[in-house]
């Protein structure tokens, strides 16, 4: 029996626009276990990215309990939360969000700067991560010298280079053509199958969701099926 | 090290904007240094004054003369070590635009009271021997290409007529702030001619220079000298050389005050230029900072990136400005040599400009940093789905 890695209990989240409270998520109860590949689907405004952000520790629930990787992250201070994210979360963005002034190697190395690894250890890990995503020969390229698919591969390498507990992806194929999108999904499947990485992915794309083993649907801030 | 590399590359990311900002800062630094140096130049003469020297002049105005006979009476005042005299001649060399200070001095003692005017012994002997001999400062000699032995003619304004002089010495300053732009010639040369042509004006001098035994007693000695000539036809006013020189600065008090205000304004412009650049920079990079925070970087790292970039730009602008201020200061020195015999960029002015650049670099980063740190990751990424 796999260990639970994400547990949400009665999670509620709302935003304020001036005095007006805008609820986004209602009474979310969820458990994901180690090694799962989950797709969160739903229409725009359904709260799926908000849910992903809560699990990633880049946003906080308004109410409820959120335990990720054995830690109740809703109670962590900002500093502790940042350290926790560095240790446990690998995040893949829709628009890659690479640092334009750094080349592929340096972008992937970025999260390792927060560790105590030596320069040579960092180099070894970066080369391994770029090798896994198939960009071992593009280490010196800057983001503007790479295609969208390649940029997303670099972003995935950056997400996995610290060997995080959880890989979170927000529309990882949303900005890519079909061919590149399929290739990225193959890569994520491989990371799940071969390396046992737990992946939670937000997507609109049914073909991308096919790669996941579990699909959760959200509508108007509530889970509707699983 | 990698963060330093990010700071460096971020700085050069918009090279045109960075270059214009650096240039703007450099111009502000140059303006600041030149203005401060000009203010210093105004005060240079008073700072060069010796504490053991007093100046005695006519109580009514500098334009009135004092009888030479006062010299012996001043010499007899308790606490007076030596007395000499100097008279503002106001001669014009060829045309008025060639203005420089020229004094008729008591050749026997004046140079003893001013050891900062360094003259070769042979040149001093020549000055003593020849009645129409003159000595000039090194800067003045360079300005007109004069050499020892050259004959020049001054046209008198206060003492009408043409006055032929022979340059018998070129003095240099013992200190950095010694005026090297003055001409001095013998008072007995003009007095001799005045006795012949305008006898009523002979035997008078402009100011007495009084050396005191103890600078601490300067005020007491001054009072004693002035008391000596109270109720006479030519009452005197005696003050320290520094106070005497400062009275000239006071005449231009409004200009100096204006310059000081402008120098502060320049610092404000300096801050606005950099503040604007840093605000634009931080606004552009909000999503990058959000990504870094997502990766686990803490607010302190973001603070380091923004402050680092701001300080780097300020340092570039400051360094360029300081480097440019020396040739530009030299140019200003040449242009204003008539008015400011001593125009030197002080070490502390440069240090102050560097410190201002540093402080402005810090201040310009405060607002963008607060904004960047306070922006939540979610807002930074603009993900509210």
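The values are calculated or read from the model by the stated rules, or taken from the named source; none is laboratory data. Values in this document were obtained by computation on a predicted structure and should not be read as measured data. Heads up, the Cβs are rebuilt from the backbone with ideal geometry, glycines too, and the neighbour counts pull from every protein chain shown.
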For the structure I just gave you, tell me whether residue B:364 is surrounded by 19 or more Cβ atoms within 10 Å (Cβ to Cβ) and away from chain A (no Cβ under 14 Å).
yes
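Would you point out the residue of the stretch A:16-43, among those that are part of a loop (DSSP other than H, G, I, E, B) and free of Cβ contacts under 8 Å to residues at least 60 places away in the same chain, that is farthest from the other protein chains (Cβ to nearest Cβ)?
Keep residues of the stretch A:16-43 that are part of a loop (DSSP other than H, G, I, E, B), which gives A:18-19, A:34-36, A:42-43.
Those still in the list that are free of Cβ contacts under 8 Å to residues at least 60 places away in the same chain too: A:18-19.
Working: A:18: 15, A:19: 18 Å.
The extreme case among them is A:19.
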Criterion violated by residue B:281 - all others in (1) crowded, with 23+ Cβ neighbours inside 10 Å; (2) within 14 Å of chain A (Cβ to nearest Cβ); (3) at pLDDT 90 or above satisfied
(3)
Residues that are assigned to a helix (DSSP H, G or I) and either under 18 Å from residue B:305 (Cα atoms) or modelled with pLDDT under 95 (or both), drawn from the stretch A:93-117:
A:106, A:107, A:109, A:110, A:111, A:112, A:113, A:114
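Test residue A:208 against the criterion of being in a helix (DSSP H, G or I), under 26 Å from residue A:24 (Cβ atoms) and touching a helix residue (DSSP H, G or I) at 6+ places or on another chain (Cβ under 9 Å), and give yes or no.
Numbers: in a helix (DSSP H, G or I): yes; under 26 Å from residue A:24 (Cβ atoms): yes; touching a helix residue (DSSP H, G or I) at 6+ places or on another chain (Cβ under 9 Å): yes.
Yes.
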Residues of the stretch A:44-65 that turn out to be within 7 Å of chain B (Cβ to nearest Cβ), in contact with a helix residue (DSSP H, G or I) (Cβ under 8 Å, 6 or more places away or on another chain) and not in a helix (DSSP H, G or I), as a count:
2
Candidates B:304, B:296, B:308, filtered to the one that is surrounded by 22 or more Cβ atoms within 10 Å (Cβ to Cβ) and either closer than 26 Å to residue A:116 by Cα or within 8 Å of another protein chain (Cβ to nearest Cβ) (or both)
B:296
Taking the conditions exactly as written (in a helix (DSSP H, G or I), within 14 Å of chain B (Cβ to nearest Cβ), in contact with a strand residue (DSSP E or B) (Cβ under 6 Å, 6 or more places away or on another chain) and crowded, with 19+ Cβ neighbours inside 10 Å), does residue A:155 satisfy them or not?
yes
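Do any helices (runs of 4 or more DSSP H) entirely within the stretch B:126-236 hold 1 or more residues that are buried (at least 20 other Cβ atoms within 10 Å of the Cβ) and over 28 Å from the mean Cα position of the chain (by Cα), and if so, which?
Numbers: elements: B:138-144, B:187-197, B:218-228.
Because the criterion is at least 1 residues that are buried (at least 20 other Cβ atoms within 10 Å of the Cβ) and over 28 Å from the mean Cα position of the chain (by Cα), the helices (runs of 4 or more DSSP H) in the stretch B:126-236 that meet it are B:187-197, B:218-228.
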Filtering the stretch A:66-83 for residues that are surrounded by fewer than 19 Cβ atoms within 10 Å (Cβ to Cβ) and at the interface with another protein chain (Cβ under 8 Å from one of its Cβ atoms) leaves a count of 3
